[in-house]
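Inspection log for the structure reproduced underneath, given as structure tokens.
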């Protein structure tokens, strides 16, 4: 993991330790907390049209930013608990995706996209 | 955003552009895709006891690693689309949490934890 | 609870008892299982435009029907475990909503809808 | 669909029509709203031990009851929009499950349960 994510990981460890909250941070519980934050993100978009979701007002954008942060925090915390290197995992997954969806084969239509990624 | 997340952001941009998939990546749709990946993570833990979730076998751990990667990928992609700097957002949120939950006040019991964070 | 939901509740009890699966059905675990099924539903819609989501092809519609069934099953099971009468809860909630969102005040625009229900 | 669910379906139709909210109720949006409610349910349980989740205090139980109601409401609404009969779908799915997980074969261990239902 690179320097800054590494620093955040350590900061979150200290945050939990200082509050004796480590006891609640089983991977099972952290996965639940993460999906709850993901849903708070979804809630911001549920009644918007797609194009509206791409041009949020400042207040709403600031709230969405906090939801993204919450998701990232639980993701780092969960990876730490499972001893997973997030950035390595991401790079590995992108390579898998590049082989799974060759650009020349899947270029274009929504139908193809849906079929390939469903 | 630091160097490596920045590189992944760019790599994901190219990945979408090469496949003409950008058209599907509205923030609304990306938020949906993110929560679907979060649920695939939750699925791995749903019938496990908390302590079992902390000691996964290799095969299961590798699957969980891929789910974490998928969540991270959609999170980077969504932040990119909304022009949000993920790491800044995280550091800002941690500062808010440090003020919201002072260690000396919330130290300890599950009840307190639940009350403060619910 | 009315006759048929009551019958399904009993059938699901027997199903779990016959397999000795009751031990896994804590409310916590059932809530996780329910959201996993909800995400499988969301997955069907994540790349579709809103109008496409309203005119699904037969095969897709049949899959969505199974997801709705899975959600309903876990909902009935969870209500049973918590000794909650689902239909009473629903009728009570609709009354609350009718008072919270008076038709003459919230009629119309998406903005109002978003504000009132966010 | 049996009498009472049928009545609720009609009542929810009127509720949306009276407020001109039907325009927001695409299946895509309703699926998002449903998972958001499912997450509010999960949030009540995320830091609880399994056994705690089975013995909620009155106040918490009342809140959980409202979440179950919200999920049921969106489920009925979504089924209505897709012209799906919820109870038929459930009965059909239970029959599939009974064949997929024969009691004599899957009786017992968590490992089996996880394998069979993952």
> Given (1) buried (at least 17 other Cβ atoms within 10 Å of the Cβ); (2) farther than 24 Å from residue D:99 by Cα; (3) within 12 Å of chain B (Cβ to nearest Cβ), where does residue C:27 come up short, assuming only one miss?
Replying inline: (3)
>> Would you confirm, using the coordinates I've provided, whether residue C:87 is at the interface with chain D (Cβ under 7 Å from one of its Cβ atoms) and either within 16 Å of residue D:41 (Cα to Cα) or assigned to a helix (DSSP H, G or I) (or both)?
In response: yes
>> Cβ-Cβ under 6 Å, sequence separation 6+ or interchain: first residue in region D:83-97 and over 19 Å from residue C:14 (Cβ atoms), partner at pLDDT below 95 and surrounded by 15 or more Cβ atoms within 10 Å (Cβ to Cβ). Which pairs?
In response: D:85/D:1
>> For region B:42-57, which positions are in contact with a helix residue (DSSP H, G or I) (Cβ under 9 Å, 6 or more places away or on another chain) and in a loop (DSSP other than H, G, I, E, B)?
In response: B:46, B:47, B:48, B:49, B:54, B:56
> Does residue A:47 satisfy the condition of being buried (at least 21 other Cβ atoms within 10 Å of the Cβ), over 20 Å from the mean Cα position of the chain (by Cα), modelled with pLDDT of 95 or more and under 29 Å from residue D:36 (Cα atoms)?
Replying inline: yes
> Any idea which residue in region A:1-24 is surrounded by the most Cβ atoms within 10 Å (Cβ to Cβ), counting only those that are within 13 Å of chain D (Cβ to nearest Cβ) and not in a loop (DSSP other than H, G, I, E, B)?
Replying inline: A:19
> Looking only at region A:90-118, which residues are under 22 Å from the mean Cα position of the chain (by Cα) and either in a loop (DSSP other than H, G, I, E, B) or modelled with pLDDT of 85 or more (or both)?
Replying inline: A:90, A:91, A:92, A:93, A:94, A:95, A:96, A:97, A:98, A:100, A:101, A:118
> What is the residue count in region A:61-78 for residues that are facing another protein chain (nearest Cβ under 9 Å) and either surrounded by fewer than 21 Cβ atoms within 10 Å (Cβ to Cβ) or more than 16 Å from residue A:46 (Cβ to Cβ) (or both)?
Replying inline: 12
> So is residue D:60 touching a helix residue (DSSP H, G or I) at 6+ places or on another chain (Cβ under 7 Å) and within 25 Å of residue B:34 (Cβ to Cβ) or not?
Replying inline: no
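The values are calculated or read from the model by the stated rules, or taken from the named source; none is laboratory data. Note that the coordinates shown come from a computational prediction; the quantities given were computed from them, not determined experimentally. Positions of Cβ are backbone-derived with ideal geometry, glycine not excepted, and every protein chain shown enters the neighbour counts.
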